[in-house]
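Enquirer: One structure coming up, written as structure tokens, with questions to follow.
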Amino acid sequence: MDVRSLVSGETEGDAGARALRASTGARRRSALAVRRARWHLAGIVALLAWTLPPFLYLVMLSIKPERILIDRSALFFVPTFERYRDFVASGLAAPIWTSLVTSTLGGLGTVVLAGLAAMTFRFLDFKAKTVLFLLILLPRMFPPVTTLIPIQLTLKALGLIDTKTALVILFIGFEIPLATWILHTFFADVPRELAESAALDGASLPAIVTKILLPLAGPGLLAAFILSFIFNWNEFLFPLIVTSFNARTGSVAIMSFTAGYKKLQWGALATLGVIMTIPVVLFVLAFRQSLVRGFTAGALKG
Amino acid sequence: MLQPRSDRHRAAAGVVTALLLLLVGLSPLSQSSHAQGMTTLTFLGPDFDEWVAFVKVANQIGKPMGIQVKPDYLPWDDVFQKALIDSKSGVRTWDYVYVYNTWVPGLSAAKAILPINDFMTSPAATSAVQPNDFITLTTAGLELNGKLWAMPMLAAPYMMAYRTDLFANPIEKKAFQAKYGYPLALPQTYKQLMDVAQFFTRKAGEKLMGKTLDQDFYGVVLANKSGGFLFHRYEHILVAYGANLIYDPKTMQPTVNSPQGIAAAKYYVALHKYMEPGSESLTGGGAERIMASGRGAIAMDALDNMLSVLPVAKLSKVVGKINYALLPTQLASRPHANVGDANGLAIYALTQHRDAAFKLATAVLNTQGTKQVMKEYPALVPMRASVIHDPEVRTNYAPVFNAMSTFLNGKPYTVFIPPLKEWVQAQDIYEQAMSAAMSGQQSVEDALNGAQAKVVALFKRQGYIK
Amino acid sequence: MGMKWAALGSGRFYFWIMAMPAVLYVAAWRLAPAVYTLWLGLHQYNIVYDAAPRWNHLANFLQILRDGALRQSLGLSAQFAVIAMTAEVLIGLAAALFLDTDPPGRNLLLGVFLMPMIMAPVVVGTAWGTLFDRTVGYIPYVLRLLHGPQLQWMATPGTAMFALLVADAWEWAPLVTLLLFASLQAIPREHFEAARVDGASGWQLFRRIILPQITGMVLVAAGLRLMDAFLELDKVFVMTGGGPGSSTQFVSMFIYKQAFQFYELGYASAVITVLLAVLAVAYWFYLRSYYRTLEAANL
């Protein structure tokens, strides 16, 4: 019970009701509960055994001393944090910072543009609606490689190659389809009549948006932002090509830090893997609900 | 019902954090653009120890000159791609570009780098380069059309590192003589190398030098990762078997599936049985770690790769048990056949600091500067005669000096890669075929015939042949 | 839906204007480059050695028909996509069914289970590539301890493909779980109770009650994974580089190599054009079934 109270309350009543209904006899119930508990335990172990080993393995590799790195029987050892120290010393904090800033600004830009669009598509009927909506969703299907070259040429023409601005511009564009889709499904939960009656009552457009729509769409905006952020953070191919020196991102730096072929590459690789994964783990822990909701809605991820 | 509210709190916290990020994030932008009177040169290269050392020394030497160097490291093969694409799209960010000798034809044809000769306009500038000091056996790969395209930094002569204790062991000597009918010695031909590799390949539980092994032991250790590592090891065997490197420069006809080429490939695929398992995913550094853990009899690699791991006590269990020798051969007319590999520092064609870049490059890669780099990276194999013969180098870097003397005195048959601007592409085609043959995906003949067809198609597209 | 927003008057116009930035943005930064790619597909253009693209009479498309390596890549991608999708649906379904039994800490478990699909694909590839590595990886090591077969995971075609499949299943089975879990939760609980009172076994319960309710979502999830796995690039990049030989050179890798190793942008663009045409058809079917499922499940 205590564990369950930690997680969302939405299943509580439901599960309680089921437990009530299942209680046809006290003895049968306890036998069933024991079986069920064993069953749950086995399932939890299986689930964790499937998901966790690669994470634990990366963490272990990143703190295993260089000399015994390829010694696989050595599971217990005095950990070394040399690689994390090297990471800070090697100036790789700057690319991680660039990633953080550009991913955040990109995510915010996406949410603003996609939010406005999704609202319109949800609450307004107009002639070209379907066409425009499809137009926004269409890029979802382009493999990233397809648009790399023209984008590089465009950025060059604009003089934006190797700038953080270029990354923000691109990131916004990448995630608009996804965010529009997610927000559209979130706005679908907002009764249309609510906005319509407000409009009939003479409420102004900004009032409708800020007083009625935005508060209701809060979780959706959050989900869209988090997902945009994560995809921006993970993006590799575009930063590799369109940035050079001043706006290098963490994902590109990972590759370079590990490619010194005279070093034993695995330890360093694992260290950056861990560092790149930390924000993801934090997001999962902090925003489980929104993420689940966002991902379910955004199955058509961009 | 608590959920939505706490979500809203989190969202608010998120917005505040984002705004803070924005403020702080943009401030360093304005700072970094106003460097305090220093000229900043950027370096595009791989994160190799010798280049980390180079950057460090360049900053020391550059400081009184008002020049600093900031590196941007990328994976080795991506450096080539990045330099090409950036120069084609007019990116002016770079000043220095790392080049490997196989990249010189491609980068120079694409006008991505400037020849060093362009800077040698005055006697003073020429004497800063000291062109006559270069050991041509090592630097010829960085030359093309009579011009030097990069300041030579590190020679990568391919050699063997072998376990002296194994080759001197009486039990092993006796067993070898009994099995092969000739005495155990350092292989002079690839046939002998195959015998030695086969002989020393042992499973855990078998004996080596009279002691039971608790781990497998490998006859020969090589790095076969795709992306250049495989081809840069295989190419020496190709030359030793009398084959051309991919095509005949006189007729421009691709020769991937020539009889010599097929014989060399078959040999390498057969030798693969005696290499360390997983060699396909190893770079030079990874392979030398296996050798350093005492699990291999012979390693074949670029000299500095071996020197930076095998004699270093922190990394190696075979310190003092290793000696270096020239590669074997297969044709008597091509003794110690090898391909001359080297890397150097090129000046990016769109640099905005031409003069500063040249000035600092010559200041760091002259005799004195090279010695300073060697202090940071003792495995550096220098390409200047004045450095090799420096008494200080001779005493302080004995392993380098001895190995390099062996190399220079052995007068190896050295070829250099031909001036084909699509060399990297052709090499990639060949390497993929080798990988297919080694994994058993295709027979050697099928793989090389397929690669031949692809290289022919490439040459036709470029109009070299009809 | 009949009611129009007549009451908004000119506000209606502003509302409409609100959608425009996103539309224009997508048009400029996503659609226009794609159109340029289509145009480039009709030209010979090597970005390094050709001064400018030149029209080459559909030669690129003729070459596509003759290109054996491309055919092989398409075959490999299809093979990978089908197997990966099957594995992911099975694993994902098992996990979803388990989570639907309300184990303690369910939402936290779901969160942990979802982590692989949120982390950088480059890191996923790194982790699995290292786990399968002969020198440091635990998979060959454990097999050796168990006296299992000594495989060269990354060096033989079949095993390299298998390693990629495992990594892909690890990364994306959670997505299937997520979608199926949502539709499992939507099944009214009374149905179970009624069936249980009738004495239905677990399997019968699954066949008669659960499966019909989630078939639509299974198809949606399967379609989604099929299309995405077909275009897999990142993990191949990190784990095998398309090797050994060309045994894991999927179609995205093929395109990447054409464009950025051979610099043949014209040809690469032509291949992309054909691929986009095929995908467009696939998406059409997918979106149709997606909408139907959404309407049916009322999600």
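Readers should treat all values here as calculations from the given coordinates under stated rules, not as data from a laboratory. Being a predicted model, the structure only gives us computed values, none of them experimental. Backbone-built Cβ (ideal geometry, glycine too); neighbour counts: all protein chains shown.
Enquirer: Just to verify a number: FRET efficiency for A:ALA157 and A:LEU41, C-beta to C-beta distance, R0 = 56 Å, to 0.05?
Expert: Efficiency, rounded to the nearest 0.05: 0.35.
Enquirer: Further question on the same structure: Return one number: the angle in degrees, 0 to 90 and rounded to the nearest 10, between the long axis of the Cα atoms of helix B:259-271 and the longest principal axis of the Cα atoms of chain B.
Expert: On a 0 to 90 degree scale, this one is about 90.
Enquirer: For the range C:65-132, what does the convex hull of the Cα positions come to per residue, in cubic angstrom?
Expert: On the way: hull volume 8.9 nm³, N = 68.
Normalising the Cα hull of the range C:65-132 by residue number yields 130 Å³.
Enquirer: In vacuum, with every alpha carbon of the protein assembly as shown counted as one equal point scatterer, what does the Debye formula give for log10 I(q)/I(0) at q = 0.09, 0.10 Å⁻¹? Two decimals, please.
Expert: Listed by q, the Debye log ratios stand at -1.09, -1.31.
Enquirer: Taking +1 at the Cβ of each Lys and Arg and -1 at the Cβ of each Asp and Glu, which of A:ILE278, A:THR130, A:ALA117 sits farthest along the dipole of the range A:86-297 towards its positive end, judged by Cα position relative to the Cα centre?
Expert: About the Cα centre, the residue reaching furthest to the positive side is A:ILE278.
Enquirer: Among the DSSP beta bridges whose two residues both lie in chain B, what percent are antiparallel, rounded to the nearest 5?
Expert: Antiparallel bridges make up about 65 percent of those DSSP assigns within chain B.
Enquirer: Let me ask you something else. In debye to the nearest 20, how big a dipole does chain B give about its Cα centre with +1 on each Lys and Arg Cβ and -1 on each Asp and Glu Cβ?
Expert: The dipole magnitude comes to about 320 debye.
Enquirer: Now a separate question. Give the average over all directions of the projected area of the C-alpha convex hull of the range A:86-297, one decimal, in nm².
Expert: Reported value for the Cα convex hull: 14.1 nm².
Enquirer: Also: Once all Cα-Cα distances of the range A:41-126 are split into 10 Å bins that start at 0, what whole-number percent is in each one?
Expert: Final binned percentages: 13, 21, 22, 22, 14, 7, 2.
Enquirer: Moving on to the next point. Taking amide H positions as placed in the peptide plane 1.01 Å from N, state which residues far from B:ILE113 in sequence (5 or more) or on other chains have amide H under 5 Å from it.
Expert: The list, which skips near neighbours in sequence, is B:ALA349.
Enquirer: Read phi for every residue in the range B:173-178 and hand back ³J(HN,Hα) as whole Hz from Karplus 6.51 cos²θ - 1.76 cosθ + 1.60, θ = phi - 60°, with x for Gly and Pro.
Expert: Rounded to whole hertz, the list is 4, 5, 4, 5, 4, 5.
Enquirer: What list of whole percents do you get for P(r) of chain B, with Cα-Cα distances grouped in 20 Å bins up to the one holding the largest distance?
Expert: Histogramming chain B at 20 Å steps yields 22, 50, 22, 5, 0 percent.
Enquirer: Using amide H atoms built 1.01 Å from N in the peptide plane, name the residues 5+ places from B:GLN253, or on other chains, whose amide H lies under 5 Å from its own.
Expert: For B:GLN253, whose amide H was placed from the backbone, the distant partners under 5 Å are B:ASP248.
Enquirer: Could you give the semi-axes, largest first, of the ellipsoid that matches chain C, computed as the square roots of 5 times the alpha carbon gyration tensor eigenvalues and rounded to whole Å?
Expert: Values for chain C, descending: 38, 34, 17 Å.
Enquirer: Another question, if that's okay. In whole Hz, with x marking every Gly and Pro, tabulate ³J(HN,Hα) for the range B:128-142 from phi via Karplus 6.51 cos²θ - 1.76 cosθ + 1.60, θ = phi - 60°.
Expert: Using θ = phi - 60°, the values come out as 5, 6, 6, x, 7, 7, 6, 7, 4, 4, 9, 8, 4, x, 8 Hz.
Enquirer: Can you give the mean number of other chain Cβ atoms that lie within 10 Å of the Cβ atoms in peptide B:420-431? Working shown, then result.
Expert: Details: counts 0, 2, 5, 0, 2, 6, 0, 0, 3, 2, 0, 2.
Mean inter-chain Cβ contacts per residue within 10 Å come to 2.
Enquirer: Taking a quarter of the surface of the convex hull around the Cα atoms of the range C:12-106, what do you get in nm²?
Expert: Answer in nm², one decimal: 13.8.
Enquirer: Across peptide B:70-83, how many C-beta atoms of other chains are within 10 Å of each residue C-beta, on average?
Expert: 5
Enquirer: Could you let me know the centre-to-centre spacing of the range C:226-256 and the range B:358-411, using Cα atoms, in angstrom?
Expert: 43 Å
Enquirer: Separation of the range A:151-173 and the range C:86-108 by C-alpha centroid, Å?
Expert: 42 Å
Enquirer: Which peptide among C:105-115, A:206-216, B:228-238, C:189-199 comes first, and what is the full order, when sorted by highest mean count of other Cβ atoms within 10 Å?
Expert: Highest-to-lowest ranking by the protection proxy: B:228-238, C:105-115, A:206-216, C:189-199.
Enquirer: Using the Cβ atoms and a cut-off under 13 Å, what net charge is assigned to the surroundings of A:THR102, where Lys and Arg are +1 and Asp and Glu are -1?
Expert: It works out to a net charge of -1.
Enquirer: Then there's this: Please average, across the residues of C:30-40, the number of beta carbons from any other chain that are within 10 Å of each residue's own beta carbon, and give a whole number.
Expert: Numbers: counts 15, 7, 4, 12, 7, 2, 7, 7, 1, 1, 2.
That works out to 6 on average.
Enquirer: Taking amide H positions as placed in the peptide plane 1.01 Å from N, state which residues far from B:GLN442 in sequence (5 or more) or on other chains have amide H under 5 Å from it.
Expert: B:ALA437
Enquirer: State to the nearest 20 debye the size of the charge dipole of the range A:163-257 about its Cα centre, where the only charges are +1 on K and R beta carbons and -1 on D and E beta carbons. Working shown, then result.
Expert: Numbers: 4 positive and 6 negative charges, 82 e Å.
My answer is approximately 400 debye.
Enquirer: From the phi angles alone, apply the Karplus equation (6.51, -1.76, 1.60; θ = phi - 60°) to the range C:96-109 and give each ³J(HN,Hα) in whole Hz, x where the residue is Gly or Pro.
Expert: Along the range C:96-109, the couplings run 5, 4, 5, 4, 5, 7, 6, x, x, x, 4, 5, 5, 4 Hz.
Enquirer: Given the options C:GLN261, C:PHE206, C:THR273, identify the residue whose Cα lies farthest towards the positive end of the charge dipole of the range C:161-280 (+1 on Cβ of Lys, Arg; -1 on Cβ of Asp, Glu).
Expert: Looking along the dipole axis, the top candidate is C:PHE206.
Enquirer: Another question, then. Sequence neighbours fewer than 8 away in the same chain don't count; with that in mind, list the aspartates and glutamates whose C-alpha is under 16 Å from B:LYS273.
Expert: List returned: B:ASP195, B:ASP216.
Enquirer: I've got another one for you. On the principal axes of its Cα set, how long, how wide and how thick is the range C:30-187? Give whole Å, largest value first.
Expert: Principal axes ranked by extent give 64, 47, 25 Å for the Cα atoms.
Enquirer: Please report, in debye to the nearest 20, how large the charge dipole of the protein assembly as shown is about its Cα centre when each Lys and Arg carries +1 at its beta carbon and each Asp and Glu carries -1 there.
Expert: Working: 89 positive and 67 negative charges, 244 e Å.
Using Cβ point charges on Lys, Arg, Asp and Glu, the protein assembly as shown gives about 1180 debye.
Enquirer: Highest GNM mean-square fluctuation, chain C, Cα pairs closer than 10 Å: which of C:VAL35, C:VAL271, C:VAL26?
Expert: C:VAL26
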